[in-house]
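Some notes on the structure that comes next.
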Amino acid sequence: MASSSITVTPIAGSLGAEVTGVDLRTMDNHDWAKVHQAFLDHKVIAIRDQELSPQDLMDVGARFGEPNHYPFVKGMDDFPFLFDIVKEPSETRNFGGGWHSDTTYMKTPPLATLLYALETPERGGDTLYCDMVAAYESLSDRLKEMLGTLKGVNSAGLKHVGGRKAHHAVVGGMKITGTEDADSYEAVHPIVRTVEETGQKALYCSIGHTVAFEGMTQEESKPMMDWLQAHATRSEFTCRVHWKPGTLTIWDNRRAMHNAINDYHGMRRHMRRLTSGPTNPV
């Protein structure tokens, strides 16, 4: 059944919007066109007041393409592409902290991430996002030209925080798996990628996953990598999503990075994640 009351409200100057007035379980193609346009316009959309079963979440994800397999957390028994992100009150390490775009170490990383809130802390637990298009567009022409010739080597190893196995060993509320093979996940992608639907160019690198520029050492790459991350995460390029149970946030991994804020020790947070739409960065 179509809705005539879909409202899209920007939440920051650069990116991000709240979407209300739509039931994702019953929306028709007309409604979906409005939601998808909000996604293209704002890069991050927080869709409030949803009651989504695992199958419902899969159905929404299918709008973006085929589901992606995440190699380091066991999926749900009946829905292997979905996995739960849980931080228990006794834990101090969260999952997804630090600026990154999801799974850039895959040959075909996802177009979109869908994150659905099941249980949220009384305060805290927000997620930050940054606009990689705006970050690119604000660069000098000479730097754009130089970066346009570079590719980044992306790794799942998390060597900068002691390795993925050690890093995930203290995330006790989740079904972590496969971390001993993390170093085998590596992919090379352009530092500047072009988004097909919009024609926009965006920076596509992060300290979390991009370990070096192709053909350069990590030591040679680090100063520019550090600068690009500091530049991309400037406050004017960011937005912040506050979670409530029933919020589904969908973001464009091609044009945004995210950072889960770990400021809710002693409280429980339970989310459900799906990535969809494998893409070949160009």
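The values are calculated or read from the model by the stated rules, or taken from the named source; none is laboratory data. Being a predicted model, the structure only gives us computed values, none of them experimental. Positions of Cβ are backbone-derived with ideal geometry, glycine not excepted, and every protein chain shown enters the neighbour counts.
So the values come out like this:
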item: Of residues in segment 191-223 being surrounded by fewer than 20 Cβ atoms within 10 Å (Cβ to Cβ) and of a type in the set (A, V, I, L, M), the one nearest to Gln37 (Cα to Cα); result: Ile207
item: Residue ID - nearest to the chain's Cα centre (by Cα), chosen from residues in segment 57-66 that are in a helix (DSSP H, G or I) and buried (at least 16 other Cβ atoms within 10 Å of the Cβ); result: Gly61
item: Any hit, segment 104-120, residues being more than 30 Å from Ala212 (Cβ to Cβ), over 14 Å from the mean Cα position of the chain (by Cα) and crowded, with 19+ Cβ neighbours inside 10 Å; result: yes
item: Qualifying residue in segment 26-47 (condition: out of contact with any Leu (no Cβ under 6 Å at 6 or more places or on another chain), of a type in the set (Val, Ile, Thr), at negative phi and in a loop (DSSP other than H, G, I, E, B)); result: yes
item: Subset of segment 101-150 [over 30 Å from Glu88 (Cβ atoms) and polar (S, T, N, Q)]; result: Thr108, Ser138, Ser140, Thr149
item: Restricting segment 147-185 to residues that are at pLDDT 95 or above and surrounded by fewer than 14 Cβ atoms within 10 Å (Cβ to Cβ), the residue that is farthest from Glu214 (Cα to Cα); result: Gly148
item: Residue that is without any contact (Cβ under 8 Å) to a residue 40 or more places away in the chain, among the hydroxyl-bearing types (Ser, Thr, Tyr), over 25 Å from Ala12 (Cβ atoms) and out of contact with any Phe, Trp or Tyr (no Cβ under 7 Å at 6 or more places or on another chain), where the choices are Thr26, Thr92, Thr108; result: Thr26
item: Matching entry among Val19, Val8, Val73 (being crowded, with 16+ Cβ neighbours inside 10 Å, under 30 Å from Ser184 (Cα atoms) and either touching a Lys or Arg at 6+ places or on another chain (Cβ under 9 Å) or polar (S, T, N, Q) (or both)); result: Val73
item: Residue list for segment 60-77, filter: charged (D, E, K, R) and touching a helix residue (DSSP H, G or I) at 6+ places or on another chain (Cβ under 7 Å); result: Arg63
item: Any hit, segment 78-93, residues being farther than 25 Å from Glu197 by Cβ, part of a loop (DSSP other than H, G, I, E, B), polar (S, T, N, Q) and at pLDDT below 95; result: yes
item: Inter-residue pairs, beta-carbon under 8 Å, first touching a residue at least 12 places away in the same chain (Cβ under 8 Å) and in segment 176-196, second aromatic (Phe, Trp, Tyr) and in a strand (DSSP E or B), 6+ apart; result: Ile191/Phe213
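One line per residue, one yes/no per condition, for (1) modelled with pLDDT of 95 or more; (2) part of a loop (DSSP other than H, G, I, E, B); (3) among the acidic types (Asp, Glu):
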| site | (1), (2), (3) |
| --- | --- |
| Val188 | yes, no, no |
| Glu197 | no, yes, yes |
| Gly208 | no, yes, no |
| Gly215 | yes, yes, no |
| Met225 | yes, no, no |
| Ala230 | yes, no, no |
| Glu236 | yes, no, yes |
| Cys239 | yes, no, no |
| Trp243 | yes, yes, no |
